[in-house]
Structures are given as C-alpha cells and as structure tokens.
Amino acid sequence: MNKPVRAMAIVCLLMFLALLLNANVVQFVQADDLNAKEGNRRVIDEQFSRERGAIIVDGEPIAQSVPVKDKWQFQRKYTDPKLYAPVTGYFSYIYGREGIEQSYNDILSGSDDRLFVNRVIDVISNDQPQGGSVELTLDPAAQKAAFDGLADLGEKTRGAVVALNPQNGDILAMVSQPTYNPNALASHDLDKVTTAMRRLENDENQPLINRGTQTTLPPGSTFKAVTAAAGIEDLGLKADDDVRGGATLGFPGIDYKLTNQGGSDCGGNPITFERALEVSCNVSFGWMAGKVGQDKLAEQATKFGFGSRPLDDLSSAASRFTADPDAELEAPQLAQSGIGQYEVAATPLQMAMVAGTVANDGVLMKPRVVRTVRAPNLSILEQPEPQELERAMSASDARELNDMMVAVVDDGTGSPAAIPGVKVGGKTGTAESAPDRPPYAWFISFAPADDPQVAVAVLVESAQNTSDIGGGRLGGPIARSVMEAVLR
Amino acid sequence: MSSPGATPAWIPRKRRTAELGLLLLAIAIGIGSYAAVGLGIDGTVPAGIYTVGAVYAVVALGAHVAVRRFAGYADPVLLPVVVALNGIGLTMIYRIDLGLEANGSGFGPFAQGQLRWTILGVLMFVAVLALIRDHRRLQQYTYTFGLGAIVLLVLPILPVIGNAKRGAQIWIQLGPFSFQPAEAAKIALAIFFAGYLVAKRDALALAGRRVLGVDLPRGRDLGPILLGWLVSVGILVFQRDLGSSLLFFGLFVVMLYVATERPGWLVVGGLLFAAGAWFGYAAFGHVRDRFDAWLDPWADPDKNYQIITALYGLAHGGLLGRGWGQGSPEMTPFGFSDFILSSIGEELGLTGLMAVLVAYGLIVERGLRIALTCRDAFGKLLAVGLSVSFALQVFVVAGGVMRLIPLTGLTAPFLAAGGSSIIMNWIIVALLLRISDQTRRPAPEVSTISGDDQTQVVKLS
C-alpha cells in the first residue's frame with residue numbers, strides 16, 4: 001500500500017503549496033488593493049493610531065498629533081483651526097481627509113515609499129511609525145490680515161483672499177470665508193463629528209468649500225487686466241494710445257449696447273488706454289476685445305493660466321474664458337467677455353496669478369503651497385524649486401501694463417489699496433451674476449510694482465454690512481493690509 | 001548508530017532528547033508570544049506569565065514524559081510542533097479576549113477555557129498512549145467504532161442535548177459543556193474505515209466487475225462502508241456542517257484508494273464530489289450563499305462582512321505582520337475560532353502564517369511517513385486516514401479564510417478556540433505516535449539476534 005501513501009503525500013504537499021501560495025497572493029500581491037478598499041476600518045484605525053506628522057507654518061505647527069489616552073492614541077489638533085482650514089483641510093475618522101491632510105497623506109501618515117527605511121527601523125526598534133512633516137509657504141501675518149479683513153465685513157460674509165509671491169509662486173495667504181473648525185471633524189467623539197459635519201454640509205454658505213481655489217465666478221473688471229495684456233501684446237497698444245471711449249458700445253445689426261457702470265461716458269471719446277483702465281471703462285475694453293478677437297483673447301487668458309489647475313496640492317477648479325472652448329462668441333458676447341462677464345469665470349487664485357504675472361515681468365510662476373517635506377528625522381525629502389509655467393507677456397509689455405495698473409491705484413478706482421511710500425498696482429472689479437443678487441466685488445493688486453513681493457486677489461461674494469458692493473471699496477483695504485503684512 | 005552487518009532490520013534511534021530540545025523551543029514560543037501580547041497591548045508582561053507559563057510548560061513536559069514512558073520509539077517531531085501550535089493558538093485567543101474586552105463586546109474570555117481544554121486534551125493524549133499499548137487492538141472494535149461514529153453524529157439532532165449554533169446543528173449541550181461530536185466521529189470513522197478496509201481489501205480490490213474502465217467491487221463488500229459514509233454525510237448535510245461532510249467524504253475516498261491501490265477511486269470520488277457540490281449549490285440556499293461569497297464577497301459587503309474583514313486583516317498584516325497585540329483581529333467575527341488563521345496572518349504576517357502552515361504540513365507529512373514505515377496494514381491505513389483528514393481539514397479551513405475555496409467552516413487544529421477540536425486533535429496525535437512507536441520499535445527478533453550490548457547501545461542513543 002506504499003504507492004498510494006506516497007501519492008497522498010504528494011497530494012498533501014500540493015495542497016499545502018497551494019495554501020502557501022494563496023497566503024502570498026492575499027498578503028503580498030493583493031495587500032495594497034485590499035488596504036485601499038473603502039470601508040477598510042483597519043487601515044483607517046491604523047492611520048488614526050499613528051503619530052501623524054505636523055503641518056507647519058513659519059516654524060510653528062498648525063496641525064499636529066498629540067498623544068491621548070484612547071484606543072487611537074493620537075488626536076489631531078489644529079491651532080488657529082478656522083484661520084488655516086482652507087489649506088490644512090481636515091483629518092476625520094468618518095469623513096476621510098481634505099486639503100493638505102489629503103494631498104500629503106502618505107508623508108504625514110508615514111506610509112510614503114521614501115519613508116520606507118524609517119519604517120524598517122521602526123519595526124526593528126519596535127517604535128510606532130511616525131509621519132513626516134509638511135511646511136507650508138503661508139505667511140502667518142498675511143494670512144491673519146486676509147482673515148481679519150474678510151471677518152471685518154461681517155459674520156455672513158462669503159469671500160476669499162489669495163496672496164502669492166509673484167517671483168516664486170509661493171502662496172502667502174489663502175483664506176476662505178465662512179470657514180470651519182477642523183478640530184470638530186477630527187474629534188474622536190464620532191457622534192459629535194457626525195453632528196458637526198451635518199451642520200457644515202447643511203449650511204447654505206458652504207463653509208467646507210475653499211473659495212480661494214474651488215469657486216469660479218465672473219471676475220468682472222479685474223479681467224480687464226487680461227484684455228489689456230492682449231491689447232498690448234496683439235494690437236501693440238501703449239498707455240498713451242487712444243482707445244474707444246464714450247458711454248455706449250453698439251454692435252451693427254444687433255439691438256444691444258454695452259454700457260458703463262452707472263452710465264458714465266468714461267471721460268470722453270476717445271480716451272487714453274491708461275485712462276480707460278483707471279476708470280475701468282467697459283466700452284473701451286469691450287471694444288478692445290472685439291479688436292483682439294476671440295482666439296487671441298482666449299489664448300492670452302490661457303497663458304495666464306485659465307483652463308488649467310496649476311496648484312496640485314489642493315483641490316481646485318479650473319478657470320475659464322468660455323464655457324465651451326470651441327463655441328464662437330457673437331460680438332456682444334465677446335465684448336462682455338472682454339470685461340470679465342458673460343461666461344468668463346475665475347477663481348481668486350487665478351486672478352492672483354494674473355496680477356502676479358503682470359508684476360513678474362510677464363512670467364507666470366507655478367503656484368505652490370508646500371515649501372518643504374521632511375522625514376520624521378527632519379531630513380528633507382522634497383523641496384520644490386520655483387517653476388516657470390508660462391511667459392504670458394513680453395517683459396516690456398508686462399512693464400507697460402504694470403505701470404498702467406499702478407496708475408489705477410494712484411489715480412483711479414484702485415485708490416483704497418494705496419500704501420504710502422510703496423508703488424502698488426491694482427485693478428478693481430464688480431461683477432454681475434444675476435439681476436436679483438448683489439454683484440461680486442473683486443480686487444487684484446501687487447506691490448511693490450518694481451520689485452514684486454506679493455500679489456493679492458480678493459473676492460467678496462456677499463457681505464453682510466453693505467448693500468452697495470464695490471471691488472475697490474470692499475476689496476481694496478483687505479488687499480492693502482495683506483500686502484502691508486508681507487512687506488512689513 | 002552503527003550496527004553489525006548481521007542486523008537485518010533498520011533500527012531507528014529513539015531521539016527522545018531531540019524531542020525534549022524541540023519541545024523546550026516550542027514552550028519558549030508559547031510563553032514568549034504570551035509575553036509579547038502583554039507588551040504589545042499594555043506595555044508590560046502579563047501578570048499571569050509565571051503561573052500560565054508554568055502550567056503550560058508542565059503540561060507540555062508531562063506529555064513528553066508520557067511519550068518517554070509509553071511510546072519511547074515514537075516520532076520526535078510531532079509533539080513539539082503540536083505544542084508550538086497549541087501555544088500560539090492559546091496566545092492568540094488570549095490576545096483577542098483582551099481586544100474584545102476593550103471593545104466592550106459581550107464575548108469571551110475564551111483563553112482560560114482553552115487552557116483547560118488543552119490540559120484535558122493532553123490528559124487524553126496521555127491516556128491514549130497509556131491505555132492503547134498496541135494500535136492493532138483497535139481493529140477488533142471496527143464495527144463498534146463505525147456504529148459509535150453514527151451515534152455521535154446523530155446526537156446533535158436529538159432533542160434536549162442537541163444545540164444549534166450559528167445555523168449549524170452540530171453541537172450537543174450537557175449542562176455547561178457543549179461538544180461538537182463530529183470531531184470525535186472523525187476519529188471513530190477513520191478507525192472503522194481502516195479496520196473494515198483491511199478486512200475486505202482483497203475482495204474490494206479483486207472481486208467485482210469492470211465498469212467504464214473502473215473495477216467496481218461487489219456490493220456486499222462495499223455496502224457497509226458505503227452505508228456508513230452515506231449516513232455520516234447525510235446527517236452532516238442536514239446539520240449544515242459542510243466542512244465536516246466534505247472532510248468525511250475525502251477521508252472515505254482516500255482510504256478506499258490507499259487500501260485498494262486503485263487510482264480509479266479518486267476519479268470516482270472526484271466526480272461524485274463534483275456532482276454533490278452541484279447538487280448542494282442547486283438545492284441549498286446556504287451552499288449557494290457560501291459559493292457566491294467566495295466569488296465576490298464585495299457584492300454584498302454586509303452579508304460577507306466576516307470574510308471581508310478577514311481579508312482586510314490578512315492584507316493589513318502584510319509581510320511581517322502588525323506584531324502581537326498590535327493588529328485588530330478582534331474586528332473579525334470569530335477571529336478566535338473559525339477565523340483564527342486570519343488573526344495569525346494579521347499579527348504575525350505572511351511570515352508567521354506561512355510558518356503555521358508549514359508546521360501543519362510537518363504534522364501531515366510526518367503522519368504519512370509513519371504510514372509509510374508502518375508494517376501492518378491497519379496501522380498504515382489508520383495513519384494515512386488521520387494524516388490526510390488533518391491535511392484536508394487545514395486545507396478547507398485555511399483555504400476558506402483566505403478565499404482560495406468557498407468557506408465551509410472547520411476549525412484550525414490546535415489553534416482555534418474549541419474544546420472538542422483541541423481534545424480530538426490531541427488524541428489523533430497520540431494515535432499517530434502510538435503507531436509510530438510500534439513501527440520504529442525494534443522487532444523482538446532483532447533484539448534476540450543482536451547481543452545485549454547492541455541493544456544497550458540502541459537504548460542509550
């Protein structure tokens with residue numbers, strides 16, 4: 001009977017080989033997929049139980065994990081939670097992650113491949129794995145100034161401020177109002193988390209949205225900076241050249257006239273290009289958009305970053321010149337687009353990029369919000385170099401527009417942003433959306449004009465304290481205080 | 001080791017000291033892992049380390065002494081492997097007790113009970129070795145064991161003592177004790193099959209007609225064993241104990257094949273199994289559920305929560321595991337019993353799970369080795385039956401937990417919480433050691449041929 005016994009020994013061997021192989025398939029080959037499955041509480045628990053790395057601004061942690069005595073051992077804590085929420089996002093057991101907590105999760109949780117050696121050491125020394133840290137480019141003073149500026153407009157204000165360094169793309173301030181407290185979502189009391197989230201989701205003012213990168217609205221007259229750039233680049237216009245002025249712009253065969261705000265005549269017809277920008281003359285820029293043509297104007301917008309999502313680190317929306325890039329605009333629509341209406345929609349980040357590009361001699365830098373990424377032992381894993389995205393204008397043309405925008409602050413609608421002793425460039429915007437709601441106030445600016453350190457975009461969607469909304473009056477002072485905070 | 005050319009037979013060494021060495025290692029694994037759980041969960045060595053450790057060491061060493069005393073020539077590897085597995089199982093159950101307690105779950109604790117069952121299992125182990133000095137005596141009770149197996153299987157269906165848990169009517173309840181008779185029936189059935197097949201093997205192998213290339217035995221030769229098997233499987237199917245019915249069927253086919261040396265039986269068995277599986281799928285909703293859960297557990301995550309969390313646990317363990325006490329095996333329902341292999345995979349990783357599987361494999365292949373060297377047909381068949389059923393059981397339970405095959409519900413021998421399983425598996429090991437002792441013991445002729453000195457040398461080494 002030994003032959004069948006030997007045969008059974010081989011059969012048993014094969015069964016055990018199958019089991020061993022199967023264990024390898026599940027625990028090695030499929031492990032990553034299984035770990036990534038939604039609802040895999042083990043992985044969520046484990047990430048919750050780790051000493052997650054800090055998010056740092058100017059050397060101070062704004063998000064960090066502190067030891068607590070419960071089953072997860074660490075509690076995520078946000079200092080100045082409402083101030084930084086649009087950038088940090090949240091880290092929640094139930095609702096996952098948002099913001100930097102999401103985009104740099106691998107680093108913060110310590111599961112990034114570059115931390116592999118650390119993990120091996122942790123395993124050998126039986127230490128809990130530790131996450132790396134992420135240092136942001138934010139300037140706390142600018143962030144505070146932007147936050148206070150919006151907060152001063154009242155509790156129900158909806159708006160956003162984005163400030164960046166035009167020369168290297170560093171985002172210095174990113175504020176969204178209303179905001180939320182990420183500590184409420186990171187709590188270990190899961191019932192409270194659910195309640196807090198439900199309240200945030202049901203809030204009609206959508207506090208969870210980062211309006212700086214996610215909200216696209218008609219940029220209104222701030223878009224005239226783009227139209228002006230196209231006028232200079234494609235039509236060869238200079239600041240002193242005459243452009244169409246007057247009270248209305250008509251279109252042959254069409255019963256529609258483009259008018260100025262308040263029905264003004266912009267101070268005559270013709271007027272100089274510079275004067276048209278100073279008084280934000282709709283007729284001039286509607287006319288200019290027609291002269292430049294849809295294709296060239298759209299191309300200029302694209303060069304400034306429209307149509308793309310250049311900021312990888314935070315969830316963001318792409319700005320647009322037309323809803324459908326292939327659609328042919330009719331003359332009045334093109335004229336309206338030239339003044340930032342019709343289908344033009346931009347995020348505050350995008351408009352800050354426009355201002356920054358004009359200030360930076362026409363070069364668009366890639367915006368970034370992370371300065372350095374470090375391993376738990378503080379060695380640097382990642383330190384992005386400033387990256388040039390696009391040359392949007394020639395240097396001389398950019399300087400022409402730069403001077404014109406300085407004139408807007410010195411002599412025109414942008415005067416609330418003026419800082420004594422500093423050359424500031426800017427452009428106001430008051431955008432209409434629907435007839436039944438107040439317009440949006442926009443303001444973009446940069447300073448100092450000859451050595452730009454900061455470019456700011458301010459958007460006020462609605463403010464509690466005022467019915468008369470105007471870009472220069474509402475946005476100008478906020479932009480000024482942010483710029484002052486950076487320059488100080 | 002050297003023997004004069006005159007010695008005709010192979011005289012194995014006893015290797016009891018080697019067994020002791022391996023056993024100490026196995027005890028160290030058990031106590032070390034127990035300490036590691038305390039360190040992993042509380043940061044300190046568990047308070048009971050000395051008492052629990054001492055109890056476990058004494059129990060294991062007691063088994064070793066019994067082997068020295070009653071089965072001096074037995075295989076030296078089996079006992080240490082079993083002690084290591086049993087220790088790992090105890091630790092894992094203790095660890096999940098702590099996890100369930102922290103969760104505020106109403107289950108547990110199981111570890112103390114498991115330790116008590118282990119002690120009882122080892123006592124049974126010793127008793128088997130002490131009482132059954134020659135396994136061939138079991139052959140005399142062939143039909144008694146056959147009848148006993150069926151009685152055992154019927155018990156859970158009887159009123160009062162029968163007890164249904166988790167949809168399977170496979171338990172009997174006697175006061176505070178619940179027992180799963182299928183585990184005991186497995187051994188009885190293996191003895192019955194072995195005894196019957198030895199008696200009838202010539203008739204089964206030679207007499208009969210050839211149908212479709214397979215030599216079928218006569219009905220009166222095959223009848224009783226077929227009946228015994230049919231009743232067993234039938235009862236189990238109605239008790240919804242799919243794992244055990246599969247196991248009994250495999251045991252039956254394999255022993256028939258080994259006894260008759262006809263591979264055709266494996267083919268017939270395979271076809272019958274396929275037909276049975278198809279019928280089960282078509283006729284029983286719970287079989288279909290298991291099959292569907294195997295194909296795609298995520299199609300109904302709520303219903304298949306157990307297998308899904310088990311897979312998550314395995315994946316979370318990865319290559320090296322979370323470490324004792326640092327995973328979440330308590331999240332998997334029945335992670336201390338039916339799903340203990342996934343708990344092992346989570347905390348000890350792929351490495352630990354493979355080590356456990358290899359340990360199981362060692363037991364099986366050692367058992368088959370005992371069958372190979374066994375000189376009497378009954379012992380040979382019994383050793384094959386016990387080893388292969390052990391292998392099948394491990395394959396079915398591990399394959400089910402890891403989604404290699406549909407889940408059928410069997411216990412992982414020596415690891416899973418459960419008294420019947422622990423006791424019966426210790427008895428199986430005792431029987432294998434008994435056969436091994438008989439096999440390796442020098443035949444009386446040998447000692448008469450060789451001089452007294454020679455015998456002395458053999459005994460010492």
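Remarks
- With a 10 Å cut-off around each Cβ of A:165-173, the average count of Cβ atoms from other chains is 0.
- Chain A - Cys residues lacking any other Cys C-beta under 4.7 Å: A:12
- Based on Cα contacts under 8 Å between residues 6+ apart, chain A shows a relative contact order of 17 percent.
- Separation of alpha-carbon centers, the range A:26-68 and the range A:302-337, rounded to whole Å: 37
- Shape summary of the range A:1-86, radius of gyration then Dmax from alpha carbon positions: 24.3, 82 Å.
- Think of chain A as a dipole: +1 on every Lys or Arg Cβ, -1 on every Asp or Glu Cβ, centred on the Cα centre; then among A:342, A:253, A:134, A:134 lies furthest on the positive end.
- For the range B:230-307, the dipole from Cβ point charges (+1 on Lys and Arg, -1 on Asp and Glu) about the Cα centre works out to 240 debye, to the nearest 20.
- Relative packing of A:363-371, A:454-462, which averages over residues the other C-beta atoms within 10 Å, highest first: A:454-462, A:363-371
- Using a simple spin-label model with pseudo-atoms 7 Å out from Cα toward Cβ, residue A:29 and residue A:155 lie 6.0 nm apart.
- Counted without the sites themselves, the longest stretch of chain B free of trypsin sites (Lys or Arg not before Pro) in a DSSP loop having at most 11 other beta carbon atoms within 10 Å is B:167-374.
- Å³ per residue enclosed by the Cα convex hull of chain A: 195
- Remark: C-alpha extents of chain B on the principal axes read 67, 56, 43 Å, sorted largest to smallest.
- When the trypsin sites (Lys or Arg not before Pro) in the range A:206-305 are filtered for DSSP coil states and for at most 12 other beta-carbon atoms within 10 Å of their beta-carbon, no site remains.
- Residue pairs, from the table B:200/B:380; A:366/A:423; A:144/A:366; B:14/B:186; A:82/A:156; A:238/A:291, whose Cα atoms sit over 18 Å apart: A:366/A:423; A:144/A:366; B:14/B:186
- Helical content alone sets the calculated 222 nm signal of chain A at -11000 deg cm²/dmol, taking -39,500 (n - 2.57) per DSSP H segment of four or more residues and averaging over every residue.
- Cα gyration tensor category, rounded, prolate or oblate, for the range B:243-330 with a/c compared to 1.5: oblate
- Selection from B:114, B:71, B:155, by position along the positive dipole direction of chain B (Cβ): B:71
- Relative compactness, the protein assembly as shown, computed as alpha-carbon Rg over 2.2 N^0.38 Å: 1.35
- Its Cα centre serving as origin, the protein assembly as shown has a Cβ charge dipole (Lys and Arg +1, Asp and Glu -1) of approximately 6800 debye.
- Per the Debye calculation on the range A:153-286 with a single equal scatterer at every Cα and no solvent contribution, log₁₀ I(q)/I(0) for q = 0.11, 0.16, 0.21 Å⁻¹ amounts to -0.65, -0.93, -1.17.
- Among B:123, A:228, A:79 - extreme Cα towards positive end, dipole of the protein assembly as shown, charges at beta-carbon: B:123
- Cα shape, the range A:310-422, gyration tensor, a/c 1.5 rule: oblate
- From the alpha carbon centroid of the range B:64-96 to that of the range B:266-290 is 36 Å.
- Taking the convex hull of Cα positions in the range B:55-145, its mean projected area over all directions (nm²): 7.7
- Surface share of carbon and sulfur [accessible, 1.4 angstrom probe, percent] for the range A:198-267: 42
- Derived scalar couplings ³J(HN,Hα) [the range A:311-316; Karplus, 6.51 cos²θ - 1.76 cosθ + 1.60; whole Hz; x for Gly, Pro]: 9, 7, 7, 10, 5, 9
- Peptide B:386-397 has a mean shielding of 3, counted as Cβ atoms of other protein chains within 10 Å of each residue's Cβ.
- Estimated FRET transfer efficiency (residue A:6, residue B:120; beta-carbon r; R0 30 Å; 0.05): 0.25
- Dipole in debye (nearest 20) - the range A:58-155, about Cα centre, beta carbon charges: Lys, Arg +1; Asp, Glu -1: 420
- Computed FRET value (nearest 0.05) for residue B:143 with residue B:69, which takes r as the C-beta separation and R₀ as 30 Å: 0.40
- Label zone of residue B:101 (point 7 Å out along Cα→Cβ, amide N under 15 Å): in the range B:400-425 this covers no residue at all.
- Stretchable slack from residue A:116 to residue A:488, in nm (0.36 nm times residue separation minus alpha-carbon distance): 129.7 nm
- Rough spin-label spacing in nm, given labels placed 7 Å along Cα→Cβ, for residue A:94 and residue B:151: 5.9
- Cα→Cβ-extended label distance, 7 Å offset, between residue A:391 and residue B:13, nm: 8.5
- Span-like helix ranges in chain A, DSSP H, alpha carbon extent 27 angstrom or more, Kyte mean at least 1.0: A:2-24
The values are calculated or read from the model by the stated rules, or taken from the named source; none is laboratory data. Note that the structure is a prediction, hence the values are computed from the model and not measured. FYI the Cβ positions are ideal-geometry reconstructions off the backbone, even for glycines, and counts take in every protein chain you see. Note: accessible area is taken over every heavy atom of the protein model, side chains too, but ligands, DNA and RNA are not part of it. Shrake-Rupley method; radii C 1.70, N 1.55, O 1.52, S 1.80 Å.
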